[in-house]
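Trainee: Quick one: structure below, then a few questions.
The values are calculated or read from the model by the stated rules, or taken from the named source; none is laboratory data. Remember, it's a predicted structure, so these values are computed and weren't measured experimentally. So basically every Cβ, Gly included, is an ideal-geometry build from the backbone, and we count neighbours across all protein chains shown.
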Amino acid sequence: MTKYWFLNGIRRRILTEKDLSAYKNPGLLWPSRIEGHGEVSCPVDAISSGGWNSEKCIFCRRCIPSYTPTGDQDIYETEKSDPVFRKSFHIFLVDSGTCGACNTEINSIFAPQYDANRLGIFVTNTPRDADAIVVMGVYTEKMQEPLKRAIEAVPKPAMVIGLGTCALSGGILGKNPLDREVYFTRISGCPPSPYTIIRALEEMRNRRRDGR
Amino acid sequence: MNSLVMISLILLAGSSASGAISNRISSAILIAGSVLFGFALFNPSQIESYFSLIASVVWILVGFYSISYGQKYGRWLPSMLSLTVFGMALILSSKDLIMVLVGWEVMSIPSYVIIGLYRKASQAPFAFMAFSEASLISLVIGLIILFNSTGSVAFPLRIYNPLVLLFISLGAMIKMGITPYSINEWLPVAHGSAPANASAVFSSTMTLMGVYLIFRFVSATPFAALFQPVGFLILTSGVFAALFTALYSYTAENKKRLAGFSTVDNQGAILAAFGLAIMTPDETIRRFAMITVLIFTLAHALGKTGLFFSVGSSSGENIYGSQQKTDRIGKIGSAIVAISLSGLFPTIGGLAAWSLLESFFMQAYYGGYIGVIAIISGSVIAMAEGLVSGAIAKILIFTRIFKAKKYAKNSYESIVLLVTASLLVLAFLLSYAIYGANYTGGVPTTLIFPPFDITSKFSSGSIFGLVSPFFISLIILFSFTAWWGLLRPRGVRYVEPWNTGSEQHDDFTSFGFSSNIRIMLGRILRTRDSGKESLSISNPFWTAMILVGKYYRKATEKISYGIMNSSIGWYMIYMIVAFLAIILVVSFL
Amino acid sequence: MRCFDIGGKVGPFLGESQRYIIFGKTIMPEHPLESPVIRMPPSKKAGEFQLTYGPLAGGMLESVTLKFITPGEIIRGVGVEDKFKAREIKVSGRTIPDAILMIERLNGFHAASHSIAFSMAVEEAIGIKVPEEILKARMAMLELERIRSHLHVVANLAEADSFAVPSKRLSYLSEKVTRLISRTSGHRYFFGSIFPGGVFFSNRDKLSDLSSIGKEFNSIYGGLLSSKIFLSRLKGNGILQGEKIIGPAGRAAGISNDARLHSGCLPFGKTGLREITYADGDAYARFRVRSDEILESIRVIENLDLPAEIDGKKQQVSFDGPSKGAAIVESPSGPIFYYVEVEDGLIHLIDYSFPSPFNISYFSRSMKGKVFTDFQFNWESYGIWISESSAVIS
């Protein structure tokens, strides 16, 4: 039976989770929105007098117990919701200097549990076919040139998405590869969970159904 | 022999003589003589006269090309070139076979001189010479048998003995480059940037003489079971040569060698059509095959001339690293030539490929052992034509289009190239005339009115297949204008080519282009990894030919030292003059 | 030292750092570099040309440039330029809690291996003795990471073959294991879960999903093994033979080199761990080693008598240690070695040996004479992480 892969695949039925928020709370606390009060020693200055900054946080758990994770995964920001790419959205991934976790996390949104393909999200192998560039990782000298070249090669309107703390603020390891203002959408997390990634991409494509 | 032909022959001889004075004058007289020659001999009702027309068109083009191109090569070249043309004119205009033989030698000998003048390696011209003499001997034997059996060697011929067909074909095949497989090999070896006009004349018209001779003999051969073994022999050697030379052409790195091999490939295809014409019992297929030969010859003669014109203006022996000046007219001309040589519409080359495969598959329809032979041969030839398309694409891409280093103003030579290329399209549109009323028709329901269809059919009258050059040209023209008018991209933003984020723009080489065949057919091509270069192949036919040339040279050296004890060069000239004199004396006795 | 003696050659070759050659039980100081890492492409012969692939080649997970030398079709040699995304990670001079945050981001996919090896080296240096239940928790984490990493490699191999059903089913399992890791350690990539002196660990689920994952993987594995198309891509592809080969590549070439058994850093000996070796040394053998190790790791975790919950409280720091320590851990791609010197609670010096540079040189070596379609299978079979090989740590 295992030999007949087609039947094998069908027999497993649909494994995709219909409601993505079902995975929201049980278990996954890191990374998620952090709440609390008081001064703590934060290695990346994500918690200062102004409160918690998701784009700087590397979710290292050093602020426990003053601060606690809420399990709220919606830690992203987008300039606006643009319905241009509602039907199909092709992204090109640029690894500027990651630890590898962001790379595997963005790929895991295509795992059967999430199946981002059904939402019309695809990864392309060349920026010439892409609608948006996803930038991951910290600034590295040699990747600046290829990164700029990739952004230049995307057909207009080209969007740049910052994925992960390294790309947004540099995290603990360095500085960010692009200015914060360049990003159309900023997805926080170290690394952002597949859930956060999908929510952010859905929102920037104006496809959120629950109206939040 | 009428007076116009006589005058044209005198003009051609005069062109040869005036070559010593000026290249321009010689070229001008060559053009005038060729125009007159074509005009005097052409007669639409006589199918053989098309050969004279094709040849004279090529000579005219070569004449124009030589006006600017020949400057670089001194005065020997125009002289010898015109002498070769004179020899060919003799062959085409002669009324009997003795004159053909005389023309044969007059045509061959100047080519030895050109090889001798522009040689770098000595073994290639000797190999060429050895095989040319073998060709003459074979022709003479055929002639003797013919004379013994019929008592006459004048046209029109009557052939009863298959041996005549065998020996004459063998002699002609050697000239076409089939038997030693690589007649044009001497060109690249002899001179890196060999004169392109000479290459054009040799590649397109010298081989044409072989085709012409076989054509005359096959036309005179009636269908009989007696001739079928000879037909089979001609067919298989044609198919074999076509396949192998296509392979060697595809893997060749030397520009002229690539073109030379593709010439032999075309000759192989033509020979296969001859073989089919001899073997088939169906009269309509036989005539169709003979027309195919003519169409193929026309496509090849014009296409090869264009290819050598195109290659001629680039420097360097090899495709890799060649520096090419290019201009827009030259690019368009090269593209059309490549399309024709690749056997694609809307050029006469496409029609030739269609016609050839059509005749084989028509025969296959009959079944029987000839049908089986026909379908196998047809498939192999289709395969060979595909490989040659790749080879031609390779030479065009890597010399004219992507790898062109410098842009130049439109040159005189490019204009001649474009004219040559236009003739390929024109010939496609006018091909109805060659096929004649028997093979043209139309399907009014599809808006193709008679006689805009070329139809392949059986003796019974039932249609096998059809193609309409007019319609194809119309569709291509229409869709091109429609695309340009409607779908032309607007609002273009130019960006750098995307090479996986790297700033390097790697050079894909012509060698890499053909490595797939080198590896896949490694057993046949005997691909090896020698120390200096990777994936080198060896050509056993060429190795054998060099060997024969070596022995020939040794033998002539012994004789020359025995008789004259002087330099080999002077001996060569002496031999040539003596040989010419003897032949002239014999022919007029 | 706790794990190693200095000098001599005891046990199999496990890597080399700037200061030491590492063997199973010993480290040998002051040596000439023994295994040159092939990075530059070989020179071109007549007819050959260079094909540059990367740094942003869509087919590769990370930024890396491969320079193929080829006469067309056949690969004569390949140079791997991994320094495009080289991050400078300045660990020396940092406090221990900060340093561990950086070390676990060296290679996020193998974060547990890195942080466990580093933590153990630091623990030795500052004189912490961690209780056995923490060691057990760490072993479980290490094996969970191994299961996910191997699943990832096998899924990539199936994907390289455009074998969609097994590839998707394996990535389904991989995501399932990731969620299990998240429930066990609090983070999907073990970030912040492991530090010198402790772990965050929860066994409330009793890792119960594992047996079902093992069962499902076994059925996919059997299916893959019965697919001739899949196997013919792997068999004879990227043959690597030799003596000093580390990691799964070495075990696929018949070398017994599993640091879990040959080094005493973690008590794997008690778990009844069986070392898996194959003799052929090709991509197929590497696939078999990884697949068998998935099943073996599941068995090991089930045999561990795991604590229910460790809340991440730090152990007492005495600072009376020898102020230097070394540890080695078998990561999914090969052994990871750390040597640290600590002064006044700050990292004074760090020395290390990672498997990815070795794997890159193995890849480069085994790619010669293969064709382009072999490349992806061979590359994936090594489990190379550019983030690990390119990072410059000081």
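Trainee: If only one of C:Leu170, C:Leu210 is over 30 Å from C:Thr95 (Cβ atoms) and either of a type in the set (Lys, Arg) or at the interface with chain A (Cβ under 10 Å from one of its Cβ atoms) (or both), which one is it?
Mentor: Of the residues listed, the single one that is over 30 Å from C:Thr95 (Cβ atoms) and either of a type in the set (Lys, Arg) or at the interface with chain A (Cβ under 10 Å from one of its Cβ atoms) (or both) is C:Leu170.
Trainee: Of the residues A:Leu147, A:Leu173, which is assigned to a loop (DSSP other than H, G, I, E, B) and either within 14 Å of chain C (Cβ to nearest Cβ) or not aliphatic (A, V, I, L, M) (or both)?
Mentor: That would be A:Leu173, the only listed residue that is assigned to a loop (DSSP other than H, G, I, E, B) and either within 14 Å of chain C (Cβ to nearest Cβ) or not aliphatic (A, V, I, L, M) (or both).
Trainee: Right, B:Thr556: away from chain C (no Cβ under 14 Å) and modelled with pLDDT under 70 or not?
Mentor: yes
Trainee: Then there's this: Of the residues that sit in segment C:66-86 and are touching a residue at least 60 places away in the same chain (Cβ under 8 Å), assigned to a loop (DSSP other than H, G, I, E, B) and at the interface with chain B (Cβ under 7 Å from one of its Cβ atoms), which one is surrounded by the most Cβ atoms within 10 Å (Cβ to Cβ)?
Mentor: Filtering segment C:66-86 for residues that are touching a residue at least 60 places away in the same chain (Cβ under 8 Å), assigned to a loop (DSSP other than H, G, I, E, B) and at the interface with chain B (Cβ under 7 Å from one of its Cβ atoms), the one surrounded by the most Cβ atoms within 10 Å (Cβ to Cβ) comes out as C:Arg76.
Trainee: If you don't mind, there's one more thing I want to ask. Here's a check for you: in segment A:57-93, which residue that is touching a residue at least 40 places away in the same chain (Cβ under 8 Å) and of a type in the set (A, V, I, L, M) is nearest to A:Arg186 (Cα to Cα)?
Mentor: Applying the filter and picking the extreme gives A:Ile75.
Trainee: Then there is this: Kindly provide the set of residues from segment A:177-198 that are in a helix (DSSP H, G or I), hydrophobic (A, V, I, L, M, F, W, C) and under 8 Å from the mean Cα position of the chain (by Cα), ordered by number.
Mentor: If the condition is that a residue be in a helix (DSSP H, G or I), hydrophobic (A, V, I, L, M, F, W, C) and under 8 Å from the mean Cα position of the chain (by Cα), then A:Ile197, A:Ile198 are the ones that fit.
Trainee: Would you point out the residue of segment B:422-473, among those that are part of a strand (DSSP E or B) and in contact (Cβ under 8 Å) with a residue 60 or more places away in the chain, that is farthest from B:Thr297 (Cα to Cα)? Before the answer, list the steps.
Mentor: The first filter runs over segment B:422-473 and keeps only residues part of a strand (DSSP E or B), leaving B:440-443, B:448-457, B:463-467.
With in contact (Cβ under 8 Å) with a residue 60 or more places away in the chain added as a condition, the list becomes B:454, B:456-457, B:464-465, B:467.
Values: B:Ile454: 18, B:Ser456: 19, B:Lys457: 22, B:Phe464: 23, B:Gly465: 22, B:Val467: 19 Å.
The qualifying residue farthest from B:Thr297 (Cα to Cα) is B:Phe464.
Trainee: I'm trying to understand the selection: among the residues of segment A:113-132, which are at the interface with chain C (Cβ under 10 Å from one of its Cβ atoms) and closer than 21 Å to B:Val495 by Cβ?
Mentor: Passing the criteria: A:Val123, A:Thr124, A:Asn125, A:Thr126, A:Pro127, A:Asp129, A:Ala130.
Trainee: Continuing with this model, one more query. Check B:Ser45, B:Ser68, B:Ser27, B:Ser34 and return the single one that is at pLDDT below 85, among the hydroxyl-bearing types (Ser, Thr, Tyr) and assigned to a helix (DSSP H, G or I).
Mentor: Selected residue: B:Ser68, the only one of B:Ser45, B:Ser68, B:Ser27, B:Ser34 that is at pLDDT below 85, among the hydroxyl-bearing types (Ser, Thr, Tyr) and assigned to a helix (DSSP H, G or I).
Trainee: Do you know which residues across segment C:30-65 are at pLDDT below 90, of a type outside the set (A, V, I, L, M, F, W, C) and not in a loop (DSSP other than H, G, I, E, B)?
Mentor: Result: C:Gln50, C:Thr52, C:Tyr53.
Trainee: Identify, by number, the condition in (1) surrounded by fewer than 24 Cβ atoms within 10 Å (Cβ to Cβ); (2) not in a helix (DSSP H, G or I) that B:Gly343 doesn't meet.
Mentor: Tallying (1) surrounded by fewer than 24 Cβ atoms within 10 Å (Cβ to Cβ); (2) not in a helix (DSSP H, G or I), B:Gly343 fails exactly one: (1).
Trainee: Sticking with this structure for a sec: Testing C:Tyr362 on (1) under 30 Å from A:Gly137 (Cα atoms); (2) more than 14 Å from every other protein chain (Cβ to nearest Cβ); (3) not in a helix (DSSP H, G or I), one condition comes back false. Which one is that?
Mentor: Of everything listed in (1) under 30 Å from A:Gly137 (Cα atoms); (2) more than 14 Å from every other protein chain (Cβ to nearest Cβ); (3) not in a helix (DSSP H, G or I), C:Tyr362 misses just condition (3).
Trainee: In the list B:Ile397, B:Ile381, B:Ile329, which residue meets the criterion of being at pLDDT below 85, within 30 Å of B:Gly238 (Cβ to Cβ) and in the same structural domain as B:Ile31 (by TED's automatic domain parsing)? Write out each step before concluding.
Mentor: Numbers: B:Ile381 fails: at pLDDT below 85; B:Ile329 fails: within 30 Å of B:Gly238 (Cβ to Cβ).
Matching residue, one of B:Ile397, B:Ile381, B:Ile329: B:Ile397.
Residue-by-condition table, conditions (1) closer than 22 Å to C:Phe201 by Cα; (2) of a type in the set (Ser, Thr, Tyr); (3) at the interface with another protein chain (Cβ under 9 Å from one of its Cβ atoms); (4) out of contact with any helix residue (DSSP H, G or I) (no Cβ under 6 Å at 6 or more places or on another chain):
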| residue | (1), (2), (3), (4) |
| --- | --- |
| C:Lys45 | no, no, yes, yes |
| C:Leu51 | no, no, yes, yes |
| C:Leu61 | no, no, yes, no |
| C:Glu88 | no, no, yes, yes |
| C:Met102 | yes, no, yes, yes |
| C:Ile126 | no, no, no, yes |
| C:Glu143 | yes, no, no, no |
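Trainee: Report the residue count in segment B:231-286 for those that are assigned to a helix (DSSP H, G or I) and farther than 19 Å from B:Glu385 by Cα.
Mentor: Count: 10.
Trainee: Still on this structure, I have one more. Please find, among C:Ser202, C:Ser263, C:Ser232, the residue that is away from chain A (no Cβ under 14 Å), of a type outside the set (A, V, I, L, M, F, W, C) and under 26 Å from C:Ile100 (Cα atoms). Even if it seems obvious, please write down each step before you answer.
Mentor: Values: C:Ser202 fails: away from chain A (no Cβ under 14 Å); C:Ser232 fails: under 26 Å from C:Ile100 (Cα atoms).
Result of the check over C:Ser202, C:Ser263, C:Ser232: C:Ser263.
Trainee: All but one of (1) of a type in the set (Asp, Glu); (2) out of contact with any helix residue (DSSP H, G or I) (no Cβ under 7 Å at 6 or more places or on another chain); (3) within 11 Å of another protein chain (Cβ to nearest Cβ) hold for C:Glu159, so report the exception by its number.
Mentor: The one condition C:Glu159 does not meet is (2).
Trainee: Further question: Within segment B:501-512, how many residues are more than 7 Å from chain C (Cβ to nearest Cβ) and touching a residue at least 60 places away in the same chain (Cβ under 8 Å)?
Mentor: 1
Trainee: Name the residues in segment A:152-170 that are in a helix (DSSP H, G or I), within 13 Å of another protein chain (Cβ to nearest Cβ) and either crowded, with 20+ Cβ neighbours inside 10 Å or touching a Cys at 6+ places or on another chain (Cβ under 9 Å) (or both), would you? Steps first, please.
Mentor: Going residue by residue through segment A:152-170, those that are in a helix (DSSP H, G or I) are A:152-153, A:165-169.
If we keep only those that are within 13 Å of another protein chain (Cβ to nearest Cβ) too, we end up with A:152-153, A:165-167.
Of everything in segment A:152-170, those that are in a helix (DSSP H, G or I), within 13 Å of another protein chain (Cβ to nearest Cβ) and either crowded, with 20+ Cβ neighbours inside 10 Å or touching a Cys at 6+ places or on another chain (Cβ under 9 Å) (or both) turn out to be A:Ala153, A:Thr165, A:Cys166, A:Ala167.
Trainee: List the pairs whose first member sits in segment C:3-15 and is assigned to a loop (DSSP other than H, G, I, E, B), whose second member is among the charged types (D, E, K, R), and whose Cβ atoms are under 6 Å apart, counting only residues at least 6 apart or on separate chains?
Mentor: Note: pairs meeting the criteria are C:Val10/C:Lys25; C:Gly11/C:Lys25.
Trainee: Here's another thing I want to ask about it. When residues of segment B:483-497 are filtered for being within 11 Å of chain A (Cβ to nearest Cβ) and surrounded by 10 or more Cβ atoms within 10 Å (Cβ to Cβ), how many remain?
Mentor: Matching residues across segment B:483-497 total 2.
Trainee: Looking at (1) surrounded by fewer than 23 Cβ atoms within 10 Å (Cβ to Cβ); (2) modelled with pLDDT of 90 or more, which one does A:Leu147 not meet, given that it meets all the others?
Mentor: Answer for A:Leu147: the failing condition is (1).
Trainee: Let me ask another. Does segment C:107-115 contain at least one residue that is in a strand (DSSP E or B) and within 14 Å of chain A (Cβ to nearest Cβ)?
Mentor: For segment C:107-115, residues in a strand (DSSP E or B) and within 14 Å of chain A (Cβ to nearest Cβ): absent.
Trainee: Let me ask something additional. Out of all the residues in segment C:289-298, is one or more assigned to a loop (DSSP other than H, G, I, E, B) and touching a helix residue (DSSP H, G or I) at 6+ places or on another chain (Cβ under 8 Å)?
Mentor: Narrowing segment C:289-298 to residues assigned to a loop (DSSP other than H, G, I, E, B): none.
For segment C:289-298, residues assigned to a loop (DSSP other than H, G, I, E, B) and touching a helix residue (DSSP H, G or I) at 6+ places or on another chain (Cβ under 8 Å): absent.
Trainee: Ok, one more. Could you list, in sequence order, the residues of segment A:86-109 that are away from chain C (no Cβ under 11 Å), outside any strand (DSSP E or B) and modelled with pLDDT of 90 or more?
Mentor: Selection gives A:Ser88 alone.
Trainee: Related question: Name, by its number, the condition in (1) touching a Lys or Arg at 6+ places or on another chain (Cβ under 8 Å); (2) exposed (fewer than 15 other Cβ atoms within 10 Å of the Cβ); (3) on the phi < 0 side of the Ramachandran plot that does not hold for A:Ser96.
Mentor: In the conditions (1) touching a Lys or Arg at 6+ places or on another chain (Cβ under 8 Å); (2) exposed (fewer than 15 other Cβ atoms within 10 Å of the Cβ); (3) on the phi < 0 side of the Ramachandran plot, A:Ser96 misses (2) alone.
Trainee: Any residue at all in segment C:20-29 that's at pLDDT below 85 and assigned to a loop (DSSP other than H, G, I, E, B)?
Mentor: no
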